[in-house]
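**Student:** Let me begin by handing over the structure; questions about it come next.
What follows draws every value from the coordinates through simple rules; no lab data is involved. Because the structure is a prediction, the values reported are computed rather than measured. Note that each Cβ is placed from the backbone with ideal geometry, even for glycine, and that neighbours are counted across all protein chains shown.
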Amino acid sequence: MNVFDFAAKMELDGKSYYENMAEATSVASLKTLLMMLASDEQKHFEVVLAMKRGDDLSMADSTVLEDVKNVFETFRADKTILGGLEKEYDICKHSIKIEEESIKLYEDMARKENNPEILQLFLRIANEEKKHYNIMDNYYEFILRPEYYLEWREFGNLGRL
């Protein structure tokens with residue numbers, strides 16, 4: 001299996017993973033976020049296929065960062081969903097791990113690539129995966145915050161307990 005086939009399979013697996021996790025959660029904001037990430041993985045898949053064919057090497061920017069703000073606001077507004085989120089915590093933690101592995105893969109592929117156009121595309125996909133990592137990490141921190149942070153003003157400068 002060549003690098004492009006491996007990357008394409010990884011992107012399709014990522015898309016499938018996010019879609020399955022979206023179906024598994026009852027939290028609407030997490031479901032929306034996971035479907036946005038699945039959509040981005042589909043875009044990455046299409047870019048990898050285009051690279052393999054030697055087609056035009058361009059990739060549209062992700063809008064997930066702009067859209068995710070609405071997800072956090074929806075989540076914050078629904079106070080009833082904070083209880084019993086163990087499955088959602090696991091979804092977030094596993095998603096973070098997957099994104100870490102994706103970042104490493106694309107950065108490794110970029111280091112081995114001689115074609116400057118393809119190298120830049122690998123780095124761009126790696127940066128997209130970093131955005132996904134940050135989104136999932138922030139979401140994870142956001143849903144855990146009530147358990148691990150003191151919310152009183154006088155303790156606002158403290159980190160994790």
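**Student:** What is the calculated FRET efficiency for residue 50 to residue 20, with r their C-beta to C-beta distance and R₀ = 30 Å, to the nearest 0.05? Intermediate results must be reported in sequence, preceding the final value.
**Tutor:** Numbers: r = 26 Å, r/R0 = 0.86.
That gives a FRET efficiency of 0.70.
**Student:** Here is a further query. Figure the gain on full extension for residue 141 and residue 6 (residue separation times 0.36 nm, minus the Cα-Cα span) and round it to one decimal in nm.
**Tutor:** Numbers: separation 135, 0.36 × 135 = 48.60 nm, distance 3.13 nm.
Difference between extended and current length: 45.5 nm.
**Student:** Moving on to the next point. Taking residue 93 as the anchor, which lysines have their alpha carbon closer than 30 Å to its alpha carbon, excluding any fewer than eight residues away along the same chain?
**Tutor:** By straight Cα distance, residue 93 reaches 9, 15, 31, 43, 69, 79, 104, 112, 130, 131.
**Student:** Spelling out what I want: for every residue of the stretch 117-122, take phi, set θ = phi - 60°, compute 6.51 cos²θ - 1.76 cosθ + 1.60 (Karplus), and round to whole Hz; glycine and proline get x.
**Tutor:** Values per residue, Gly and Pro as x: 5, 5, 4, 5, 5, 4 Hz.
**Student:** If you take the beta carbon distance between residue 89 and residue 123 as r and set R0 to 30 Å, what does 1/(1 + (r/R0)^6) give as a FRET efficiency, to the nearest 0.05?
**Tutor:** Working: r = 31 Å, r/R0 = 1.04.
About 0.45, to the nearest 0.05.
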